[in-house]
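A.B. asks: Provided herewith is a single structure, encoded as structure tokens, for subsequent inquiry.
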Amino acid sequence: MDAAVRGLDQSGTLERGLAVLEHVGQHQEISTNALARQLGLSRSAAYRIVGTLKRLEYLEADTVTGRVRLGTRLVELGARAMAATDLHRCAPRYLTALAERSGETTYLAVPDNDAMVYVATERSASAVTLACRLGTRRPQHATSLGKAWLAALPEADRVERVRRMKLDSLTLKTINDPVRLLDELARTRRRGWAVDDLENEPDVGCVAAAVRDHSGRPIAAISVAGPAPRVMRRADELGATVAGTAAALSMRLGYVRNR
């Protein structure tokens, strides 16, 4: 047993918990007594850590042998990390094709609390330069990206989020009433794409659709944005196009609809 392992019993709770998870992952199934012995933990510390990780569903125990293995929560987090990696690797070519087809600027954004963070963009040769830069945060309720992502959530999650959100008005057209916003999200879900009609900026129009991972959970959204008169005049066409692109990217990430 090396010095790093021998020192675990004096380490912080987080370090010991992570060491337990890594060790279980290496062995697939292992008893708590073996964990304590191999990691140099006291039996009381090992049982306490394993108990906490089981309660949080990071570990689960075999009902017959009592041996522990990685739990569903940890598997879910791993799948999310893989999906995020795949998303950033795969999205640029979809954004490029969408920009060329639409003649506008395209964006990829991911949720962060009640905002969407812009993480990738592509422009067509004829696109007008927009002020939004990578890393910019915009409120979900006032953007097509945010509304697309919210509309793709299960209904209970969507309602709970909207009811606790602060619906600040950014323009005269921002939806700042939760009932109206939920109605708009219901229409968005039925239609398959969201609209920002001067709700975030007074001269910019956008349409967007949600991107889903292999489990069907919305993890991002993509949009087409440009001068409001130009985009809104083509809203139905661009909405269908962005929805098709989002669906293709979702399939690339492993999502199969109605499976």
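The values are calculated or read from the model by the stated rules, or taken from the named source; none is laboratory data. Remember, it's a predicted structure, so these values are computed and weren't measured experimentally. Cβ coordinates were reconstructed from backbone atoms using ideal geometry, including for glycine residues, and neighbour counts include every protein chain displayed. When the accessible area is computed, the model is the full protein with side chains, heavy atoms only, and any ligands, DNA or RNA have been set aside. Shrake-Rupley method; radii C 1.70, N 1.55, O 1.52, S 1.80 Å.
A.B. asks: How many of the residues making up the range 100-124 are without any contact (Cβ under 8 Å) to a residue 24 or more places away in the chain and within 19 Å of ALA235 (Cβ to Cβ)?
C.D. replies: Of the residues in the range 100-124, 0 are without any contact (Cβ under 8 Å) to a residue 24 or more places away in the chain and within 19 Å of ALA235 (Cβ to Cβ).
This table checks each residue for (1) open to solvent by 50 Å² or more (accessible area, probe 1.4 Å); (2) over 19 Å from VAL231 (Cβ atoms); (3) at pLDDT 85 or above; (4) not in a helix (DSSP H, G or I).
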{"site": "ASP86", "(1), (2), (3), (4)": "no, yes, no, no"}
{"site": "TYR107", "(1), (2), (3), (4)": "no, no, yes, yes"}
{"site": "GLU122", "(1), (2), (3), (4)": "yes, no, yes, yes"}
{"site": "VAL128", "(1), (2), (3), (4)": "yes, no, no, yes"}
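A.B. asks: Something else about it: Filter the range 195-238 for residues that are of a type in the set (Gly, Ala, Ser) and over 19 Å from PRO92 (Cα atoms); which is most open to solvent (accessible area, probe 1.4 Å)?
C.D. replies: Initial filter on the range 195-238 (of a type in the set (Gly, Ala, Ser)): 205, 208-210, 215-216, 220-221, 223, 225-226, 228, 235.
If we keep only those that are over 19 Å from PRO92 (Cα atoms) as well, we get 205, 215-216, 228, 235.
Numbers: GLY205: 0, SER215: 77, GLY216: 14, ALA228: 9, ALA235: 13 Å².
By that ranking, first place goes to SER215.
A.B. asks: Could you list, in sequence order, all residues of the range 30-70 that are surrounded by 13 or more Cβ atoms within 10 Å (Cβ to Cβ), assigned to a loop (DSSP other than H, G, I, E, B), more than 30 Å from the chain's Cα centre (by Cα) and among the charged types (D, E, K, R)?
C.D. replies: The one that is surrounded by 13 or more Cβ atoms within 10 Å (Cβ to Cβ), assigned to a loop (DSSP other than H, G, I, E, B), more than 30 Å from the chain's Cα centre (by Cα) and among the charged types (D, E, K, R): ARG67.
A.B. asks: Of LEU182, LEU145, which residue is in contact (Cβ under 8 Å) with a residue 60 or more places away in the chain and not β-branched (Val, Ile, Thr)?
C.D. replies: Details: LEU182 fails: in contact (Cβ under 8 Å) with a residue 60 or more places away in the chain.
LEU145 is the lone residue from the list that is in contact (Cβ under 8 Å) with a residue 60 or more places away in the chain and not β-branched (Val, Ile, Thr).
A.B. asks: Hey, LEU134 hits all of (1) under 18 Å from the mean Cα position of the chain (by Cα); (2) modelled with pLDDT of 90 or more; (3) surrounded by fewer than 19 Cβ atoms within 10 Å (Cβ to Cβ) but one; which does it fall short on?
C.D. replies: Checking LEU134 against (1) under 18 Å from the mean Cα position of the chain (by Cα); (2) modelled with pLDDT of 90 or more; (3) surrounded by fewer than 19 Cβ atoms within 10 Å (Cβ to Cβ), the one that fails is (2).
A.B. asks: Just give me the residues in the range 213-238 being in a strand (DSSP E or B) and either touching a Gly at 6+ places or on another chain (Cβ under 6 Å) or of a type outside the set (Gly, Ala, Ser) (or both), in sequence order. Reasoning before the result, please.
C.D. replies: First, pick out the residues of the range 213-238 that are in a strand (DSSP E or B): 218-227.
Answer for the range 213-238, where residues must be in a strand (DSSP E or B) and either touching a Gly at 6+ places or on another chain (Cβ under 6 Å) or of a type outside the set (Gly, Ala, Ser) (or both): PRO218, ILE219, ILE222, VAL224, PRO227.
A.B. asks: Residues that are of a type outside the set (Lys, Arg) and without any contact (Cβ under 8 Å) to a residue 12 or more places away in the chain: does the range 187-202 have at least one? Reasoning before the result, please.
C.D. replies: Taking the range 187-202 first, the residues of a type outside the set (Lys, Arg) are 188, 192-202.
With the extra rule that they be without any contact (Cβ under 8 Å) to a residue 12 or more places away in the chain, the set shrinks to none.
No: zero hits.
A.B. asks: Suppose the filter is among the hydroxyl-bearing types (Ser, Thr, Tyr), at pLDDT 90 or above, open to solvent by less than 50 Å² (accessible area, probe 1.4 Å) and on the phi < 0 side of the Ramachandran plot; does THR143 pass it? It would help to see each step written out before you state the result.
C.D. replies: On the way: among the hydroxyl-bearing types (Ser, Thr, Tyr): yes; at pLDDT 90 or above: yes; open to solvent by less than 50 Å² (accessible area, probe 1.4 Å): yes; on the phi < 0 side of the Ramachandran plot: yes.
The answer is yes for THR143.
A.B. asks: Return the residue satisfying two criteria in turn: it lies in the range 147-194 and is among the hydroxyl-bearing types (Ser, Thr, Tyr) and surrounded by 14 or more Cβ atoms within 10 Å (Cβ to Cβ), and of such residues it is modelled with the highest pLDDT. Don't jump to the end; show me each part of the working.
C.D. replies: Narrowing the range 147-194 to residues among the hydroxyl-bearing types (Ser, Thr, Tyr): 169, 171, 174, 188.
Pick out the ones that are also surrounded by 14 or more Cβ atoms within 10 Å (Cβ to Cβ) and you get 171, 174, 188.
Numbers: THR171: 90, THR174: 92, THR188: 97.
Once the filter is applied, the top-ranked residue is THR188.
A.B. asks: Based on what the data block shows, is ARG230 among the basic types (Lys, Arg) and in contact (Cβ under 8 Å) with a residue 24 or more places away in the chain? Can you show your working first?
C.D. replies: Working: among the basic types (Lys, Arg): yes; in contact (Cβ under 8 Å) with a residue 24 or more places away in the chain: yes.
Spelling it out, ARG230 is indeed among the basic types (Lys, Arg) and in contact (Cβ under 8 Å) with a residue 24 or more places away in the chain.
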